[in-house]
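For reference, the structure discussed in these notes is given below.
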Amino acid sequence: MSEQTDAGAASRHTPVLLQRCLDLLAPALAVPGAVLVDSTLGMGGHTEGVLRAFDHVRVVGIDRDPQALALAGARLAPFGDRFTGVHAVYDEIADVLEDLGITSVQGVLMDLGVSSLQLDEAERGFAYAHDAPLDMRMDPTTGPTAADVLNTYDERDIARVLRVYGEEKFAGRIARGVVRRRERAPLTRTSELVDIVRAGVPAATRRTGGHPAKRTFQALRIEVNGELAALERALPASLEALAVGGRIVVEAYQSLEDRLVKRALAAGATSSAPPDLPVEPVTHTPYLRLLTRGAEEADAQELARNPRSQSVRLRAAERLRPTPDHLRTPRRAA
């Protein structure tokens, strides 16, 4: 284990927009016996902030990364049984709460995307700036790696992943480069992928817009971890877990995630009645109230304190009433 891994979670992680998250959650968490689900526990920065600010609140922290759970568990040990860590993906929130005997919660917090731990551990393969194995799994105990994707998908599917999940304009050229390179030997290292991307992206484009491999690495990470599919399932499941008066706060870091969040919250905050009805039936009135005007971004002070907040888009909503039956998403089979 590296020295970095040995370092305490608190010294390695600064939670993004922590005070804003606390302010948005505060009215819901004021309820006696309130429970918050931190759906993306990471190294526990947001959860620590909640436990310090609200001395009666219990937090259930979910994370698919066993290393993150261990680090966060050590960080949060002083709070005793007010914190419960669970190894799961956040779309399993209903099963997690059922196993804990919790019928509903007052708050859900999602801090999406790759965690500080995963970025900082070079050997995990998330960062294009360090040579490492092509892994990119958030849970390194299961599932295919980035190398598996690059070495087994056909050229068309590789291009689709890069174009859809990375919004990469040169997806086809990069995919062709991957297929040509793996004909000589399977790809195993991030540096090999960076070289392929550099060769596939025109020189003029490489000079602007940051590192040319950024979009490719994002796309592969999303594909390896099924991130967007999990988020699509997690949003309705998390809203269903909220008690009336409960609040959800979501921090997204790229447009694909933020689009899904915006759509889910807007749907709940909009009447489902046909527009030509003279009177809106009670069953069709909104069941959510939006708490932010659009997506909130980090201000200059937050950016100075935490540069990783640069791309954050925060949205929040409050549950007004139970979800009407005609809009309820069926719970997926275990």
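Here is the figure for the stretch 157-195: residues that are in a helix (DSSP H, G or I), open to solvent by 30 Å² or more (accessible area, probe 1.4 Å) and either among the acidic types (Asp, Glu) or over 15 Å from residue 224 (Cβ atoms) (or both) total 12. What are the residues in the stretch 47-63 that are in a strand (DSSP E or B) and of a type outside the set (D, E, K, R), if any? Once the filter is applied, which keeps residues that are in a strand (DSSP E or B) and of a type outside the set (D, E, K, R), the stretch 47-63 yields 59, 60, 61, 62. With respect to residue 136, determine if the residue is more than 21 Å from residue 15 (Cα to Cα), modelled with pLDDT of 85 or more and crowded, with 16+ Cβ neighbours inside 10 Å. Answer is yes for this residue.
Looking at the stretch 90-156, the helices (runs of 4 or more DSSP H) lying wholly inside it that each contain 2 or more residues that are within 22 Å of residue 189 (Cβ to Cβ) sit at 116-120, 146-152.
Every residue, every condition in (1) β-branched (Val, Ile, Thr); (2) modelled with pLDDT under 95; (3) open to solvent by 50 Å² or more (accessible area, probe 1.4 Å); (4) farther than 29 Å from residue 144 by Cα, yes or no:
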{"site": "278", "(1), (2), (3), (4)": "no, yes, yes, yes"}
{"site": "290", "(1), (2), (3), (4)": "no, no, yes, yes"}
{"site": "314", "(1), (2), (3), (4)": "no, no, no, yes"}
{"site": "317", "(1), (2), (3), (4)": "no, no, no, yes"}
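Only a single criterion out of (1) within 22 Å of residue 235 (Cβ to Cβ); (2) open to solvent by 40 Å² or more (accessible area, probe 1.4 Å); (3) not hydroxyl-bearing (Ser, Thr, Tyr) is not satisfied by residue 67, namely (1).
Given the condition open to solvent by 10 Å² or more (accessible area, probe 1.4 Å), assigned to a helix (DSSP H, G or I), of a type in the set (Asp, Glu) and in contact (Cβ under 8 Å) with a residue 40 or more places away in the chain, answer yes or no: does some residue in the stretch 215-224 qualify? Looking through the stretch 215-224, at least one residue is open to solvent by 10 Å² or more (accessible area, probe 1.4 Å), assigned to a helix (DSSP H, G or I), of a type in the set (Asp, Glu) and in contact (Cβ under 8 Å) with a residue 40 or more places away in the chain. For the stretch 155-189, the candidate set comprises residues that are of a type in the set (Asp, Glu) and touching a residue at least 12 places away in the same chain (Cβ under 8 Å); within that set, the residue that is farthest from residue 205 (Cα to Cα) is 155.
Yes/no per residue for (1) touching an Asp or Glu at 6+ places or on another chain (Cβ under 9 Å); (2) in contact (Cβ under 8 Å) with a residue 40 or more places away in the chain; (3) surrounded by 19 or more Cβ atoms within 10 Å (Cβ to Cβ):
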position: 51; (1), (2), (3): no, no, yes
position: 58; (1), (2), (3): yes, no, yes
position: 63; (1), (2), (3): yes, no, yes
position: 75; (1), (2), (3): yes, yes, yes
position: 80; (1), (2), (3): no, no, no
position: 115; (1), (2), (3): yes, yes, yes
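The values are calculated or read from the model by the stated rules, or taken from the named source; none is laboratory data. These numbers were taken from a predicted model, which means no experiment stands behind them. We place every Cβ from the backbone using ideal geometry, glycine too, and count neighbours over all the protein chains shown. These area figures cover heavy atoms from the full protein model, side chains too; ligands, DNA and RNA do not enter into them. Shrake-Rupley method; radii C 1.70, N 1.55, O 1.52, S 1.80 Å.
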